[in-house]
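Comments concern the structure below.
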Amino acid sequence: MQVDIKSLSIKPLRNTFDQVVRFTGSDKSASRYLEATIGVQPEVNFHYKPLWSKNRDLYDKENTLIVMSDWYRLLDPRQYYYGAWTIARSKQQDAAERNFSFVEKRNMLEAIPADLRDKIITTFLPLRHMEYAANLNNTYMSAYGYGVSITQAASMCAMDRLGIAQYITRIGLMLDGNSGDTLKTAKAAWQNSPAWQPMRELTENMLTTEDWFELFVAQNIVLDGLVYPLMYQSFGDLTSASGQTSFAMMTEFMSEWFDEHVRWTDNIIKVAAAESDSNKAQLGKWIQQWQPQILQALQPVAQQALGSAAQAGLDAAVAHLSARLNKVGIN
Amino acid sequence: MSDKMVFLALQDNEDARPIREAIEADNPLAVISQYPGVYKIDAPGRLVVNRESVEERLGRAWNPQDIHLLLVSLSGNIDETEDYFALERT
């Protein structure tokens with residue numbers, strides 16, 4: 001007897017979800033990212049008005065001055081949905097763990113001279129408090145924002161900030177042999193040192209900013225856009241130049257993360273600015289409003305971190321931010 | 001003509017989707033046919049997978065050598081660099 005094995009090909013009637021077809025305009029098989037993002041935003045059947053405002057819905061497009069015809073278009077070029085994001089972060093964490101254990105095994109931190117050690121404690125470790133504020137700010141954006149494309153990314157960003165705060169904390173614990181003394185000194189510097197007070201005040205003002213898109217611009221574009229080049233690039237270079245490469249190794253995650261953060265945030269303002277002239281003007285106004293304040297608050301911190309190279313460090317950070325803003329068509 | 005064809009067969013899954021889309025965009029002569037679990041991509045003479053095009057669709061860095069994780073079968077002479085993976089037959 002002869003048996004014929006025939007392969008049978010079943011052609012699927014539809015390649016993706018209807019809401020994705022409506023968004024992309026074609027029934028091509030779509031990425032997991034789009035399938036996990038488009039159509040997820042709750043839009044109707046809000047039975048109760050929120051307690052915090054009787055004029056708003058639970059999820060309301062009017063929580064910001066920015067207007068979009070389709071909020072899903074604020075997509076994340078990294079294509080992070082929960083799965084892709086956790087996998088990417090776990091890989092980065094493996095690399096970071098290896099760096100930390102390398103530094104620990106070789107006792108590299110003991111070789112750091114006392115003045116640089118003090119500088120790391122009073123100028124770098126307080127950033128953990130700023131990262132916590134960044135966590136709260138991004139959580140606010142994901143709570144009051146609209147359109148899952150941006151709120152899911154803001155929510156992941158918020159968790160990233162906690163991770164960064166934890167890495168900064170670990171650097172402190174490695175410096176003081178797990179006693180936590182450095183963290184207490186750093187907190188005291190954050191609360192009392194004159195160099196940090198303008199920054200602390202600014203951070204607290206940001207926590208009370210109501211427009212979530214304004215907060216996005218202030219925190220994720222301007223503040224991060226200036227602080228990261230200053231602290232992780234210029235200050236990192238300073239430590240490396242004095243022969244202490246351990247600092248750069250332990251902050252590698254943050255530099256890598258910032259490059260990625262830039263890709264996400266640049267795309268958001270690029271799409272929002274391209275939507276309409278009024279959006280573009282509003283974004284420009286917010287940047288003009290926040291950038292001088294942030295720069296001024298950073299001045300004493302940069303002075304403490306970089307000494308005579310402070311102005312050069314700040315100029316480099318501003319140039320980096322301006323280049324980004326020019327590229328996305330704001331300015 | 002038929003003796004100068006090259007082909008690439010890729011698994012039909014989420015990891016291979018950006019590669020398939022990059023091939024579609026970069027090789028106008030490529031013909032893609034779907035089989036259960038597999039995409040077979042035929043092209044006359046040359047078929048190229050560019051790192052940049054895949055990265056654009058994937059949203060992160062991609063090494064052309066990673067294509068081997070998804071490759072079911074191929075035919076043609078391989079030309080492989082850091083920037084592309086190509087099959088040729090002249």
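Per residue, the protein assembly as shown reaches -17000 deg cm²/dmol at 222 nm when only DSSP H runs of four or more residues are counted, each adding -39500 (n - 2.57). Each residue of segment A:228-236 is assigned a 3J(HN,Hα), and the resulting list reads 5, x, 5, 7, 8, 8, 5, 5, x Hz, derived from the Karplus form 6.51 cos²θ - 1.76 cosθ + 1.60 (θ = phi - 60°), x at Gly and Pro. Counting Cβ atoms of other protein chains within 10 Å of each residue's Cβ and taking the mean over peptide B:51-59 gives 2. In a DSSP loop and with at most 16 other Cβ atoms within 10 Å, the GluC sites (Glu not before Pro) in segment B:1-74 are B:Glu14. Selection among A:Leu58, A:Ser9, A:Thr86 by position relative to the dipole of segment A:1-130 gives A:Ser9 as farthest towards the positive end (Cβ unit charges, Cα centre).
Across peptide A:74-81, the mean count of Cβ atoms from other chains lying within 10 Å of each residue's own Cβ comes to 2.
Couplings 3J(HN,Hα) for segment A:316-331, derived from phi with the Karplus relation 6.51 cos²θ - 1.76 cosθ + 1.60 (θ = phi - 60°), are 4, 5, 5, 4, 4, 5, 4, 4, 5, 5, 4, 5, 8, x, 10, 3 Hz, where x marks Gly and Pro. With the simple model of a label 7 Å out from the Cα in the direction of the Cβ, A:Ala111 to B:Leu29 spans 5.7 nm. Computed from backbone phi with θ = phi - 60° and the Karplus coefficients 6.51, -1.76 and 1.60, the 3J(HN,Hα) list for segment A:122-139 is 8, 10, 9, 4, x, 4, 4, 6, 5, 5, 5, 5, 5, 4, 4, 4, 5, 5 Hz; x is used for glycine and proline. Here's the list of lysines a cross-link from A:Lys49 could span, going by alpha-carbon distance under 26 Å and ignoring same-chain residues fewer than 8 apart: A:Lys61. In a simple Cβ point-charge model (Lys, Arg +1; Asp, Glu -1; nothing else charged), the protein assembly as shown has a dipole of about 520 debye relative to its Cα centre. Taking every alpha-carbon pair under 8 Å whose residues sit at least 6 apart, chain A reaches a relative contact order of 20 percent. Annotation for segment B:1-76 versus segment A:117-175: alpha-carbon center distance of 40 Å. Dipole magnitude for segment A:32-150: about 100 debye, using +1 per Lys or Arg Cβ and -1 per Asp or Glu Cβ, origin at the Cα centre.
Here's how it looks for B:Val38: its modeled amide H is under 5 Å from those of B:Asp12, which are all 5 or more places away or on a different chain.
On average, how many beta carbons from a partner chain sit within 10 Å of the beta carbon of a residue in A:1-11? Whole-number average of other-chain Cβ neighbours for A:1-11 is 1.
Since every read-out is calculated from the coordinates, none of them should be taken as a lab result. The structure presented is a predicted model; accordingly, all values stated were derived computationally and were not measured. FYI the Cβ positions are ideal-geometry reconstructions off the backbone, even for glycines, and counts take in every protein chain you see.
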